[in-house]
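The structure appears right after this line, and notes come after that.
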Amino acid sequence: MVSFGTSHPDAIAKTIEVIEQEAAQRYPDCCVYRAFTSGMVIRRLKRRENLQIETVSEALDHMAADGVEEAIVQPTLMINGVEHDRMTEALIEHMGCFHRICVGKPLLSGVEDYKKAIHAVMAETEVREDEVLVLMGNGTDHYANSAYGMLEYTFHALGYHQVLVGTLESFPDLRTVRTKLEISGKRKVVLMPFMLTAGKHARKDMAGTDESWKSELEAAGYEVRTVMKGLGEFCGIRRIFLEHLEEAAG
């Protein structure tokens with residue numbers, strides 16, 4: 001199971017750990033290995049928590065050393081972006097270590113994935129009539145960033161017109177979100193991360209007290225309510241990852 005990772009152990013326990021446990025329950029005859037793609041997160045966990053997490057390459061080496069012949073790799077990534085590319089490069093380098101490597105898809109990989117993810121989020125999220133739900137994704141300079149525009153469009157196509165999607169590091173950004181909020185005429189906002197975990201970005205960049213989306217929106221006169229819940233805490237989102245795992249396993 002390949003995740004970007006987070007330096008907050010409590011967020012790991014609520015999301016990544018739960019997904020891994022559900023995968024283990026579905027495949028009781030298989031061993032589940034954990035890998036993170038973020039070297040920064042891995043180093044921080046080692047330094048602060050003395051917690052050792054393997055990179056994708058290290059996990060594959062570990063599996064090969066354990067005698068694993070068939071590797072099924074399921075990412076818990078949101079999109080087919082930079083982290084997915086890095087994961088794929090590591091898999092290609094280790095092709096000769098296994099008889100077979102199967103790879104599952106990230107969360108948003110096809111039209112039906114978008115629809116399932118949206119319904120999963122809205123099934124467990126309360127948005128009142130006078131509120132707008134603003135989802136903060138990470139964003140990337142990779143062309144896969146177009147997934148976030150597609151996500152908002154699909155929300156609206158499914159009838160969830162009170163939902164806006166923004167990204168921290170790309171487009172649509174907070175300025176774009178604010179423009180749409182002004183058009184909506186509503187003055188109450190629900191902020192929630194569209195990320196697997198409610199980790200550093202959610203706690204600091206989205207909901208922090210200084211230079212965050214929350215503080216900027218409040219300064220603009222909006223009443224802001226934050227929902228600190230990573231996507232991995234939604235049972236419907238975890239179900240999509242497990243469906244992708246099943247497809248990969250054949």
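The values are calculated or read from the model by the stated rules, or taken from the named source; none is laboratory data. Nothing here was measured: the structure is a model prediction, and the numbers come from that model. Ideal geometry is used to build each Cβ from the backbone, glycine not excepted, and the neighbour counts take in all protein chains shown. Heads up: the accessible areas ignore ligands, DNA and RNA and are worked out on the full protein's heavy atoms, side chains in. Shrake-Rupley method; radii C 1.70, N 1.55, O 1.52, S 1.80 Å.
Below are the figures for this structure:
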{"quantity": "Conditions (1) in contact (Cβ under 8 Å) with a residue 24 or more places away in the chain; (2) hydroxyl-bearing (Ser, Thr, Tyr); (3) farther than 20 Å from Glu83 by Cβ; number of the one not met by Tyr148", "calculated": "(3)"}
{"quantity": "Count of residues meeting criterion [part of a helix (DSSP H, G or I), closer than 25 Å to Val82 by Cα and free of Cβ contacts under 8 Å to residues at least 40 places away in the same chain] in the stretch 1-46", "calculated": "10"}
{"quantity": "Some residue of the stretch 16-33 being buried (at least 16 other Cβ atoms within 10 Å of the Cβ), among the hydroxyl-bearing types (Ser, Thr, Tyr) and more than 17 Å from Leu91 (Cβ to Cβ)", "calculated": "no"}
{"quantity": "Search result, residues across the stretch 146-162 that are among the polar types (S, T, N, Q) and closer than 16 Å to Ser109 by Cβ", "calculated": "Ser146, Thr154"}
{"quantity": "Residues located in the stretch 45-70, provided they are among the hydrophobic types (A, V, I, L, M, F, W, C) and either touching a helix residue (DSSP H, G or I) at 6+ places or on another chain (Cβ under 6 Å) or open to solvent by 40 Å² or more (accessible area, probe 1.4 Å) (or both)", "calculated": "Leu51, Ile53, Val56, Ala64, Ala65"}
